[in-house]
Each structure stands twice: as C-alpha cells, then as structure tokens.
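Asker: Please see the structure below; I have some questions.
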Amino acid sequence: MNKDRRLPNASAPRRLPRRTVLKAGGLTALAVPAATAPAFASSLVSPRDEAPDTVYDVIVIGAGYAGVTAARELRAKGLRPLILEARDRIGGRTFTSTFLDQQIEVGAQWIGPTQPLINAELKRYGIGTLSGTPPTRLIMPSGGGFKEFPPDEVDARYGDLMNRLFEGAQDLFPRPTDPLYRKDLVAAADGLSLRDRLDRLRLSADDESWLSGTTAGYSGGSSATGAYTALAQWWSLAGYNVAGYEAVMSQRLAGGMTGLLQAMLNDAGATLRLNSPVVSVADDGGKVKVTVRSGQVHQARAVVVAVPVNVWKSISFRPGLPKVHQAATTQGVGVPYSGKLWMQVSGLSDRVAARGAEGSPFTTLLSQANVTGGQLMVGFNSLPVLDGADTGAVQDAVRKFLPDVRVLQVLAHDWGKDPYSQGGWALRRPGQLIAQLPAIQQPQGRVSFASGDIATGWVGFVEGAIESGLRAAQQVLKMTQGARSLTAS
C-alpha cells in the first residue's frame, strides 16, 4: 500500500548536491545505524518556572547553529542566556531523523574541508565525518529528456562547463572571505542573475541544461532568482576549481547534523524553551522585552535574533527594523522553494544518481541504501508544483528519470511552507551583496542578528551560521559591557 508522510517543522537543505554526489552519493553514511540524540543538558523549563521580574543577560531567539553558537560563547563569558525556540526540537534548518530505520537528514547535511569553523567544532567534540561510495549509473539531461552517460564524460563535460560559468571569479573575489575587497568589480557584477550569466555564455541547449539544474536548483527553482555573485563566492571559497567545489559537499557528520548541535547546546548550559515562537521584540534602551505567542513576556539586557532572514517579517520589532533588514526580509534571502523527499522505491537493482535541468521536477535524485522492500532514495525539488504528500505525483516525477521505478513511501518536507523558515538555505538575490553588507550584520540598540543568511563567507551553510553566531556574541558582549573580546579567548 502506498503511504506518504510529512515532517512538521523540519529543516532545510542549505544547498543541493552537485557533481560530488553524482559520484559519491552518501551511501556509506546511511549504512550507519540511526543515532540516538543525547538528552538535553540545557535546562528545559516552562513559563511557570520563571519569576515575573526575571531579567536574563541575553535572550537568543532560535536554537539553530547560529543561536546555539552565540549562547555557548556568551555562557563561556559568564552571561546567563535563555534560548527561545519556536519548534518542538532544536536545529532550525538542520534536522536529523529516521526513515525506514535509516538515519536521514531532512535538512542540511553536507560539509567540506574548506569550512574551518564547523571542522573546528567537530574536532572540539570528537565527532567524525563519513564519505560516500559512487553510484553505478549517472543520468543527465539530454535532448529534452534524460539518458545515461559514462562517468568520465560527466566529469569532463560538467567540469568544463562549471569552469566557464565561473570564469573571472578569482578577480571578483580574490579574498572570498572578504567579498567586498574588490567592491568596484563586485558592484558591476552584483546585479547579474545566474540566468543573465547563462545567457551570456551562449551555450547549446544541451550544455545549458547541464548547468541550469545547478543554477536553478541553488536558486530555489529559477536561475533568475539567484545572484551570480552569490554562487561565484561559493566557488571562490572552495578554491576556484571543480575539485574544491565538489569537496564542499563530500562529507556528512557521524551521528548527524543534530548530534553536533546537541553537543554544542550541552556545552552552552543555557535555559531552553521549546514551542515558544516569538511574536514581538521591544527594545526600550535599557532592556529588551520578548513576547512569545502564548503571551508570556521575557526580559533581557540584550537579544540575539537567530532566525532566518525570511522570518524577520513575522516578528514585530520596536523600534522597527533598520531599512536594510526590512528590505532583506521583504525581498527574501532564503530560497523561496526547497523540498526534500526521502523515498522507498522498488525496481532498482543498482545505485543511481540523476540530475535535472531547470524546470525538472527534481534537481537531483540519489540512491542511498538498500532497505527491506527496495531502496532508499532522496530527491531535491525546487518547484512548488510537486506535492511531496502525493505519492502518485512523486512517482510520476521520479519516472521522468527512471521509468521502471515504483515509489512505495515518501517522507517529505517543504521548507518554503515551513512557518519557521519560510524558505530554504540562503542564496543572495541580484544586488543584495552590495546593498546588504556589512550593514545587515550590525546590531540595532540592544538587538543583534545572527543567521547563516547574513554571513560574510559561507552564506547558506552551517559554516556561515557558526560565523554569524560568533559575531553576534561579540556584539552582545559589547552591549552588556562583558569581558574581553571573544577573539582574544
């Protein structure tokens, strides 16, 4: 019997897999038994436990990587943080779960060796990484449909196309962790969308279809949405070459993304309240009052808003948001559509990786593991027309790539419809880099902002969230006249 399930309040993949996963697929990672998350070391409390006049040193809104990083760093400096999380779990747009007795990532799942902050966290907590094994079959766009290609041909052709797409990136971003170092050049290019860049390359229809799955997939459905400079900065951060770009999505965390976050939260020792969506933040200049949906009001000397930029517009700020923050949340920074679907399928005897073109129902399909009754497969969708709760519709979409496959069960989450993310991972839109940085990273009064959406470096990745959480903690220390700067610790 066909079944489908949706996960409430799950988290978003920070990016879609590209050529790395066409070769590496993450199959080894899912051979690991599902991990059991450790118990919360932070204090889980109810509103009844808090005296009406309690004033915390800092309130952190959001228990994702940015918020937990900020809370941990502030606790280490002697401040007393309260974390308010809207969901019934920690993680934000990361969420390790299980399906068919396999550990899965409903949200972000890849890291790479050129991301120093998250690798430092892994070393700190003694957590390893897992690599995948190659699929045996690669399916790519061709002539308006899809067909199998030899791996060597995929490597050479796709690599050449990516080099053409990002030609000149090293001039734009000679110091990719300082994206405005060549502001003169960046300003001239920042208005270009990825669609504009593709059009300028004048590729054949088939060649463009190989690239447009990447550009549209990362942009949340349309290459016109994402800025060329956004993807070019990722390319630059990865070393200006295909090998480095592939490596960014080559590793998964042993125990899952939530496992590392839990270790960080345990270290923070913060007071944590789940199921506490914030509706207003009011800064009177002396302290900040934070009101949650239940009507409970919490007070602190400072606040870190560590929720996605797209969600800022759902919170009432007094005084209002600065113009750059208001523009960002109105325009959106997180991609508008991002669906991740885990499927039990039958009809496959080998491990397959497939990539779609712009407009395809899936940007990527990957075999993951053999399970009872078939195979576990994951798909990434950036079009709102595919309903992950409709098993029949999912099967029709899969069969465009794999005509003989039958979809038996689906576990899906649509991050664009998730009220606490309102979109997937961040990819700046045309003009946003120049318009936003560095102003969007600055605090207002006693309110600081933290999110991978506003990072200087790896925007849209957990790496960027950690970077942003560290920055917010430094800002709060200054607000509260805390101890020495975190950079001196």
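The values are calculated or read from the model by the stated rules, or taken from the named source; none is laboratory data. Just so we're clear, the structure is a prediction, and the values are computed from it rather than from any experiment. Note: ideal-geometry Cβ built from the backbone for every residue, glycine included; neighbour counts use all protein chains shown. Just so you know, the surface numbers come from the protein's heavy atoms only, side chains and all, with ligands and any DNA or RNA stripped out. Shrake-Rupley method; radii C 1.70, N 1.55, O 1.52, S 1.80 Å.
Asker: For residue 207, all conditions in the list (1) farther than 29 Å from residue 439 by Cα; (2) of a type outside the set (A, V, I, L, M, F, W, C); (3) out of contact with any Leu (no Cβ under 8 Å at 6 or more places or on another chain) hold save one; what is the number of the exception?
Answerer: Exception for residue 207: condition (3).
Asker: Assuming residue 243 fulfils every condition listed in (1) open to solvent by 10 Å² or more (accessible area, probe 1.4 Å); (2) at pLDDT 95 or above apart from one, which condition is it?
Answerer: Evaluating residue 243 over (1) open to solvent by 10 Å² or more (accessible area, probe 1.4 Å); (2) at pLDDT 95 or above leaves (2) as the failure.
Asker: Give me the residue from segment 324-345 that is small (Gly, Ala, Ser) and either in contact with a Pro (Cβ under 7 Å, 6 or more places away or on another chain) or open to solvent by 30 Å² or more (accessible area, probe 1.4 Å) (or both) and, out of that set, nearest to residue 95 (Cα to Cα).
Answerer: Applying the filter and picking the extreme gives 338.
Asker: Scan segment 435-451 and give yes if some residue there is crowded, with 24+ Cβ neighbours inside 10 Å, in contact (Cβ under 8 Å) with a residue 12 or more places away in the chain and assigned to a loop (DSSP other than H, G, I, E, B), otherwise no.
Answerer: yes
Asker: Of everything in segment 276-290, what is over 16 Å from residue 68 (Cα atoms) and among the polar types (S, T, N, Q)? Give them in sequence order.
Answerer: Residue satisfying the conditions is 280 alone.
The rows are residues; the columns are (1) in contact (Cβ under 8 Å) with a residue 40 or more places away in the chain; (2) more than 17 Å from residue 172 (Cα to Cα).
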| site | (1), (2) |
| --- | --- |
| 188 | no, no |
| 195 | no, yes |
| 206 | yes, yes |
| 214 | yes, yes |
| 218 | yes, yes |
| 225 | yes, yes |
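Asker: Looking at 360, 367, which is the one that is in a strand (DSSP E or B), farther than 19 Å from residue 307 by Cβ and among the small types (Gly, Ala, Ser)?
Answerer: Answer to the check: 367.
Asker: Which one of 211, 260, 185 is open to solvent by 10 Å² or more (accessible area, probe 1.4 Å), of a type in the set (A, V, I, L, M) and either part of a helix (DSSP H, G or I) or touching a Cys at 6+ places or on another chain (Cβ under 9 Å) (or both)?
Answerer: 185
Asker: Filter segment 269-305 for residues that are farther than 21 Å from residue 446 by Cβ and open to solvent by 20 Å² or more (accessible area, probe 1.4 Å); which is modelled with the lowest pLDDT?
Answerer: The selected residue is 269.
Asker: All but one of (1) surrounded by 24 or more Cβ atoms within 10 Å (Cβ to Cβ); (2) modelled with pLDDT of 95 or more; (3) in contact with a Lys or Arg (Cβ under 8 Å, 6 or more places away or on another chain) hold for residue 363; which doesn't?
Answerer: Against the list (1) surrounded by 24 or more Cβ atoms within 10 Å (Cβ to Cβ); (2) modelled with pLDDT of 95 or more; (3) in contact with a Lys or Arg (Cβ under 8 Å, 6 or more places away or on another chain), residue 363 comes up short only on (2).
Asker: Kindly establish whether residue 308 is modelled with pLDDT under 95 and buried (at least 18 other Cβ atoms within 10 Å of the Cβ). Let's see the steps before the verdict.
Answerer: Numbers: modelled with pLDDT under 95: no; buried (at least 18 other Cβ atoms within 10 Å of the Cβ): yes.
Judged against the criteria, residue 308 is not a match.
Asker: Would you mention how many residues in segment 398-434 are within 30 Å of residue 179 (Cβ to Cβ) and part of a loop (DSSP other than H, G, I, E, B)?
Answerer: Matching residues across segment 398-434 total 14.
Asker: What is the residue count in segment 121-164 for residues that are out of contact with any helix residue (DSSP H, G or I) (no Cβ under 8 Å at 6 or more places or on another chain), outside any strand (DSSP E or B) and within 23 Å of residue 110 (Cβ to Cβ)?
Answerer: 4
Asker: Kindly list the number of the only condition in (1) farther than 30 Å from residue 379 by Cβ; (2) part of a strand (DSSP E or B) that fails for residue 325.
Answerer: Condition not satisfied by residue 325: (2).
Asker: Looking at residue 266, is it more than 22 Å from residue 457 (Cβ to Cβ), part of a helix (DSSP H, G or I) and open to solvent by 20 Å² or more (accessible area, probe 1.4 Å)? Don't jump to the end; show me each part of the working.
Answerer: Working: more than 22 Å from residue 457 (Cβ to Cβ): yes; part of a helix (DSSP H, G or I): yes; open to solvent by 20 Å² or more (accessible area, probe 1.4 Å): yes.
Against the criterion (more than 22 Å from residue 457 (Cβ to Cβ), part of a helix (DSSP H, G or I) and open to solvent by 20 Å² or more (accessible area, probe 1.4 Å)), residue 266 qualifies.
Asker: Working carefully through the options 190, 152, 184, find the one that is within 26 Å of residue 216 (Cα to Cα) and at pLDDT 95 or above.
Answerer: Criteria check complete, one pass: 190.
Asker: What's the number of the condition residue 206 fails, among (1) surrounded by fewer than 24 Cβ atoms within 10 Å (Cβ to Cβ); (2) out of contact with any Gly (no Cβ under 9 Å at 6 or more places or on another chain)?
Answerer: Every condition holds for residue 206 apart from (2).
Asker: Only one of these conditions is not met by residue 432: (1) in contact with a Leu (Cβ under 8 Å, 6 or more places away or on another chain); (2) more than 27 Å from residue 135 (Cβ to Cβ). Which number is it?
Answerer: Among (1) in contact with a Leu (Cβ under 8 Å, 6 or more places away or on another chain); (2) more than 27 Å from residue 135 (Cβ to Cβ), the lone unmet condition for residue 432 is (1).
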